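*Asks:* This is the structure I have questions about; it appears just below.
The values are calculated or read from the model by the stated rules, or taken from the named source; none is laboratory data. Predicted model, so just to flag it, every value in this text is computed and none were measured. Cβ sites come from the backbone with ideal geometry, for glycine too, and all protein chains shown count toward neighbours.
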Amino acid sequence: MFVSGFTIARNVVQGDYPLREAVESVLPLVDEMIIAVGKSEDETLAYVRSFPSPKIRIIETVWDDSLRKGGVVLAVETNKALDACNPEADWCVYIQADECLHEADYPALRNAMEAHAENPVVEGLLFRYLHFYGSYDYVADSRRWYRHEVRIIRRNPDIRSYMDAQGFRKHVKEKLRVCDSGGTVYHYGWVKHPEAQTQKLVQSSRFWHADDYVQEIADAGSFDYSAIDSLRHFEGRHPQVMLERIARINWAFSADPTRKRFGFKQRLLYAIEKLSGWRPGEFRNFKRIRP
């Protein structure tokens, strides 16, 4: 079984993305790692070139910023990285620059890829998500945050990155048939110093919004983490690759997880989900199957 990994990068130094940690979290699972590095205004290319693994192959790209509406440029760049993967690969593992896999999940992920490698009905493998917020001690858990997404896909030219690169589709719009991977993605996109978080939002918002809206974010100053609607304490253990970064934390954030900023309807839906595990009306970018 041959496994490729792939990701994209642009201005990740400026945005303080944990790209090195993201890549290192995937390397034990893959035979090659493709990093599509877009032309940047910072030292992203030199940063990526400093990654020591011989598995890594860098391709240099130029982003078309005219495609920023809806984040389409992110899918275009993701597809460039995907297309550079070995065409004979059985599976391709995708990771974004603010995501990490946990080493405790490696055996389950390998088992899932091996178990479904010869079954073309299974087009992808599904991951649970933990969205860290404010600090590494809290996880956002309201309906605003997606609970699952596909991060391992079959090497198939018909499978492409979809919309803003959150997930994948086949033949442009067809949802992938997927099974559980047994793994969890640790998402760190909302864990930065408040000033750095504002800079990251300014940078990323350019892929969705007009310049005047982006300027409003910049003018707001330090990001206000206190406006979150619902959090819970994180009681697990972070991936090993993240521990050094976590030890360097240089800001304070505390929250009361018992305090919820919900209206009546949202409070009811939240209670249903916590009691039953069912999220009414949940959007799913995939089709779960039992092969």
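*Asks:* Name the single residue, out of those in the range 154-170 being out of contact with any helix residue (DSSP H, G or I) (no Cβ under 6 Å at 6 or more places or on another chain) and more than 24 Å from R279 (Cβ to Cβ), that is surrounded by the most Cβ atoms within 10 Å (Cβ to Cβ).
*Replies:* Checking each candidate, the answer is R154.
*Asks:* Scan the range 1-59 for residues that are crowded, with 19+ Cβ neighbours inside 10 Å and β-branched (V, I, T) and jot them down.
*Replies:* Scanning the range 1-59 gives V3, T7, I8, V12, V23, V26, V30, I34, I35, V37, T44, V48.
*Asks:* Something else about it: In the range 1-93, which helices (runs of 4 or more DSSP H) lie fully inside it and hold 2 or more residues that are closer than 16 Å to S161 by Cα and modelled with pLDDT under 95?
*Replies:* Correct list: 72-83.
*Asks:* Same structure again: When you check H238 against the structure, is it surrounded by 13 or more Cβ atoms within 10 Å (Cβ to Cβ), part of a loop (DSSP other than H, G, I, E, B) and touching a residue at least 24 places away in the same chain (Cβ under 8 Å), yes or no? Break it down into steps so the answer makes sense when it comes.
*Replies:* Details: surrounded by 13 or more Cβ atoms within 10 Å (Cβ to Cβ): yes; part of a loop (DSSP other than H, G, I, E, B): yes; touching a residue at least 24 places away in the same chain (Cβ under 8 Å): yes.
It is true that H238 is surrounded by 13 or more Cβ atoms within 10 Å (Cβ to Cβ), part of a loop (DSSP other than H, G, I, E, B) and touching a residue at least 24 places away in the same chain (Cβ under 8 Å).
*Asks:* Hey, S205 hits all of (1) under 25 Å from K80 (Cβ atoms); (2) in contact (Cβ under 8 Å) with a residue 60 or more places away in the chain; (3) of a type in the set (S, T, N, Q) but one; which does it fall short on?
*Replies:* Status for S205: all satisfied but (2).
*Asks:* Would you tally the residues in the range 255-280 being touching a residue at least 12 places away in the same chain (Cβ under 8 Å) and either of a type outside the set (D, E, K, R) or closer than 27 Å to L176 by Cβ (or both)? Before you say what the answer is, go through the steps one by one.
*Replies:* First pass over the range 255-280, keeping only residues touching a residue at least 12 places away in the same chain (Cβ under 8 Å): 255, 257, 260-262, 266, 269-270, 273, 279.
With either of a type outside the set (D, E, K, R) or closer than 27 Å to L176 by Cβ (or both) added as a condition, the list becomes 255, 257, 262, 266, 269-270, 273, 279.
Counting residues in the range 255-280 that are touching a residue at least 12 places away in the same chain (Cβ under 8 Å) and either of a type outside the set (D, E, K, R) or closer than 27 Å to L176 by Cβ (or both) gives 8.
*Asks:* OK, next. Going through the range 145-189 one residue at a time, which ones are outside any strand (DSSP E or B) and within 24 Å of G281 (Cα to Cα)?
*Replies:* W145, Y146, R147, M163, D164, A165, Q166, V172, K173, L176
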